[in-house]
Amino acid sequence: RQIEKTLPEGVKIEAFLDRTKMVNNAISTVEKNLLEGALIVIFILVIFLGNLRAGLIVASVIPLAMLFAVIMMNAFGVSGNLMSLGALDFGLIVDGAVIIVEAVMHRLYHSRHFAVNNSITQAQMDDQVESSAGKMMNSAVFGQIIILIVYLPILALVGIEGKMFKPMAQTVSFALIGAFILSLTYVPMITSLFLSKKMTHKENFSDKMMKRIQGWYEPVLKKALAFPKIILSVV
């Protein structure tokens with residue numbers, strides 16, 4: 001209005017700002033990234049764990065950790081945008097759950113203790129999950145704590161950098177804390193309830209694939225250990 005007073009007669013200013021397209025593009029990009037990321041992680045989990053139920057157990061941590069992150073974002077006033085939500089890495093979120101579920105599966109399906117069993121009771125399953133999860137909890141917990149520590153320096157940023165990158169660090173930290181809590185409580189519980197009590201000792205696609213990968217890797221590992229000075233120099 002103040003500027004219009006200085007304009008020639010008949011000339012007026014019409015302010016127009018439509019951010020609908022930009023906002024819709026940002027939302028669709030976030031949705032696409034989150035959906036594709038989740039589907040890829042679930043697909044990889046099922047292939048490498050060789051068990052659909054185990055893959056789904058681990059994958060279920062993703063929406064629950066996301067829910068925890070969104071609740072915390074709402075509580076701390078962190079906006080959901082392309083920078084904060086687009087930076088979520090589902091591979092990091094499921095890291096602890098993978099360690100625990102894989103340890104339980106290895107104990108049930110590959111240990112000599114259950115080599116002749118065709119099925120186990122719920123009580124036996126509870127005992128095995130408790131034992132396996134207890135042994136692997138340090139690895140799962142420390143892995144997530146180390147990842148969390150990496151993001152802490154970003155929270156110290158100020159100015160434009162802080163405004164841009166703090167929401168990203170906060171969102172990832174919230175999701176990791178949620179996954180951390182779930183790994184300690186939900187994952188062992190749902191593994192005990194949901195994992196099949198029927199024992200199958202035949203090699204599946206995952207077992208064959210991992211054996212082949214190990215077969216390729218062992219010669220490389222032996223050569224690397226045999227020539228440490230050369231490897232160190234190249235590195």
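The values are calculated or read from the model by the stated rules, or taken from the named source; none is laboratory data. Everything numeric in this text was worked out from a predicted model, so none of it was measured. Reconstructed Cβ throughout: ideal geometry from the backbone, glycine too, with neighbour counts over all protein chains shown. Side chains are part of the model used for accessible areas, which takes the heavy atoms of the whole protein and leaves out ligands, DNA and RNA. Shrake-Rupley method; radii C 1.70, N 1.55, O 1.52, S 1.80 Å.
When 167, 188 are checked against the criterion of being under 24 Å from the mean Cα position of the chain (by Cα), within 16 Å of residue 54 (Cα to Cα) and touching a residue at least 24 places away in the same chain (Cβ under 8 Å), 188 stands alone in meeting it. Scanning the stretch 152-170 for residues that are open to solvent by 60 Å² or more (accessible area, probe 1.4 Å) and either of a type outside the set (A, V, I, L, M, F, W, C) or at pLDDT 90 or above (or both), we see that the one that is nearest to residue 72 (Cα to Cα) is 166. Pairs meeting the criteria (first residue in the stretch 200-224 and open to solvent by 100 Å² or more (accessible area, probe 1.4 Å), second residue not polar (S, T, N, Q), beta carbons under 7 Å, at least 6 apart or on different chains) are 205/50. Within the stretch 42-77, restricting attention to residues that are among the β-branched types (Val, Ile, Thr) and within 22 Å of residue 208 (Cβ to Cβ), the residue that is surrounded by the most Cβ atoms within 10 Å (Cβ to Cβ) is 58.
In the stretch 108-129, the count of residues that are buried (at least 20 other Cβ atoms within 10 Å of the Cβ), of a type outside the set (Gly, Ala, Ser) and under 18 Å from residue 79 (Cβ atoms) is zero.
Residues checked against (1) assigned to a loop (DSSP other than H, G, I, E, B); (2) within 16 Å of residue 88 (Cβ to Cβ); (3) touching a residue at least 12 places away in the same chain (Cβ under 8 Å):
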| site | (1), (2), (3) |
| --- | --- |
| 128 | no, no, yes |
| 142 | no, no, no |
| 175 | no, yes, yes |
| 181 | no, no, yes |
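Does residue 35 satisfy the condition of being more than 16 Å from the chain's Cα centre (by Cα), of a type outside the set (Ser, Thr, Tyr) and exposed (fewer than 11 other Cβ atoms within 10 Å of the Cβ)? Judged against the criteria, residue 35 is not a match.
Residues checked against (1) within 30 Å of residue 194 (Cβ to Cβ); (2) part of a helix (DSSP H, G or I):
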{"position": "13", "(1), (2)": "no, no"}
{"position": "17", "(1), (2)": "no, no"}
{"position": "25", "(1), (2)": "no, yes"}
{"position": "67", "(1), (2)": "yes, yes"}
{"position": "74", "(1), (2)": "yes, yes"}
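Of the residues making up the stretch 172-191, those that are open to solvent by 10 Å² or more (accessible area, probe 1.4 Å) and within 15 Å of residue 133 (Cα to Cα) are 180, 181, 182, 184, 185, 186, 188, 189, 190.
Exactly one residue out of 46, 78 is in contact with a Ser or Thr (Cβ under 9 Å, 6 or more places away or on another chain), hydrophobic (A, V, I, L, M, F, W, C) and not in a helix (DSSP H, G or I), and it is 78. It is to be established whether one or more residues within the stretch 181-197 are at pLDDT below 90, in contact with a helix residue (DSSP H, G or I) (Cβ under 8 Å, 6 or more places away or on another chain) and within 15 Å of residue 63 (Cα to Cα). Within the stretch 181-197, one or more residues are at pLDDT below 90, in contact with a helix residue (DSSP H, G or I) (Cβ under 8 Å, 6 or more places away or on another chain) and within 15 Å of residue 63 (Cα to Cα).
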